[in-house]
Amino acid sequence: MVDQYILLEEEGGKMYFVPLVDESMKIKGLGVVNPMNDFGHVNIGQMIDVCGKPLRRIPPRLPTLIRSMKRRAQTISDKDAGVLIAKLGIGDGDTVIEAGLGSGGLSMHLARVLGRHGTLVTVEAREEHALVGLENLERAKQTWDGFPNHIHHNGKIESVAPLLLHEGLLVDAIILDLPDHVPAIDATAELLQVGGRMACYCPVSNQLEQAWLSCEKNGLSFEWAGEIIERQWGRASKGGMRPVNGPFGHTAFLIVAVRH
Ligand SMILES: C[S@@+](CC[C@H](N)C(=O)[O-])C[C@H]1O[C@@H](n2cnc3c(N)ncnc32)[C@H](O)[C@@H]1O
């Protein structure tokens, strides 16, 4: 296992996440390096030249870890992750269930706010997705001070939830980002303690309606549904600021329900 990683950034934003080990390895874009010998002495903020390429060692904060993360399944981005965390009231010391883990994009946001006293339970049906998500979480664990207790289950949430219920687990929040939310809501709603909230991330609107009906059927009260629209601004070439040109994209509809 790697004890520490360092993050190097090239001009233009390309990043290299390097395990700080004392052995030669090939890193795409940097060639063959011995990370400990070549980078072990480089302080955060300091520049280093690797084969004529100037790189800066940068601190591994959440935005940089997200930018440099491995990707497989589509991730939940910061615009939706931030709102989910706020609307579910997730904070230090809470216990949260998240399914599916996917690439771990949302999990990294959750881990950051749960802190060392929190517990994150992740569930993922596809092992090849879990490998990527777990690697991203491991990087975060090795680079942040204060990582939650993390428990991962491979399998479908519908099969894992009864085991969690059997263990007597009660949680503060559940976030579902799945193709079919209904069986997952049926399986997990009982795990939510009073005042706890469930959210579903629904790329299409029929998922939203089905999730709403399913939350109510399982005794949860609807609290909020909607879409978060982000409009980025930039500096205009002739001065002033304006919304940037580009696609005005859709990610998903979100729904939040609460256990009273
Ligand atoms: C869109 S991805 C999740 C991405 C994740 N939220 C992120 O931010 O990186 C959806 C994941 O759910 C997994 N999945 C699908 N059905 C599932 C189920 N019933 N139980 C657990 N995971 C499931 C898929 O394999 C996939 O990896």
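Each reported figure results from applying straightforward, stated rules to the coordinates on display, with no laboratory input. As the structure is a prediction and not an experimental result, all values here were calculated from the model. With ideal geometry, Cβ positions are generated from the backbone for all residues, glycine too; neighbour counts draw on all protein chains shown.
Computed values, structure above
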quantity	calculated
Bridge type composition, the chain - antiparallel percent by DSSP, nearest 5	60 percent
Fewest-first sequence of His181, His109 by Cβ atoms within 10 Å of each Cβ	His109, His181
Shape category assigned to the stretch 159-231 from the gyration tensor of Cα positions, a/c cut at 1.5	prolate
Exposure proxy ranking, count of Cβ atoms within 10 Å, fewest first, for Asp22, Asp78, Asp145, Asp92	Asp145, Asp22, Asp92, Asp78
Crossing angle, helix 127-143 versus the chain [Cα axis fit, 0-90 degrees, rounded to tens]	60 degrees
Loop-located trypsin sites (Lys or Arg not before Pro) in the stretch 165-252, at most 16 other Cβ atoms within 10 Å (DSSP)	Arg231, Lys238
The chain: relative contact order as a whole-number percent, Cα under 8 Å and 6+ apart	14 percent
In degrees, nearest ten, helix 105-114 long axis to first principal axis of the chain (Cα)	80 degrees
Non-local Lys pairs in the chain, i.e. 8 or more apart or on different chains, that have alpha carbons under 23 Å apart	18
Neighbour-count ranking [beta-carbon atoms within 10 angstrom, fewest first] of Glu138, Glu167	Glu167, Glu138
Stokes-Einstein D for the chain, Kirkwood Rh over Cα pairs, 4 °C, 1.567 mPa s (µm²/s)	65 µm²/s
On Cα atoms only, tilt of 205-217 relative to the major axis of the chain in degrees	50 degrees
Helix-only [θ]222 nm of the chain, DSSP H runs n ≥ 4, -39500 (n - 2.57) each, per residue, nearest 500	-9000 deg cm²/dmol
Alpha-carbon centroids, the stretch 168-244 and the stretch 70-123: separation in whole Å	12 Å
Sparsely packed GluC sites (Glu not before Pro) within the stretch 1-58, loop by DSSP, other Cβ within 10 Å at most 14	Glu11, Glu23
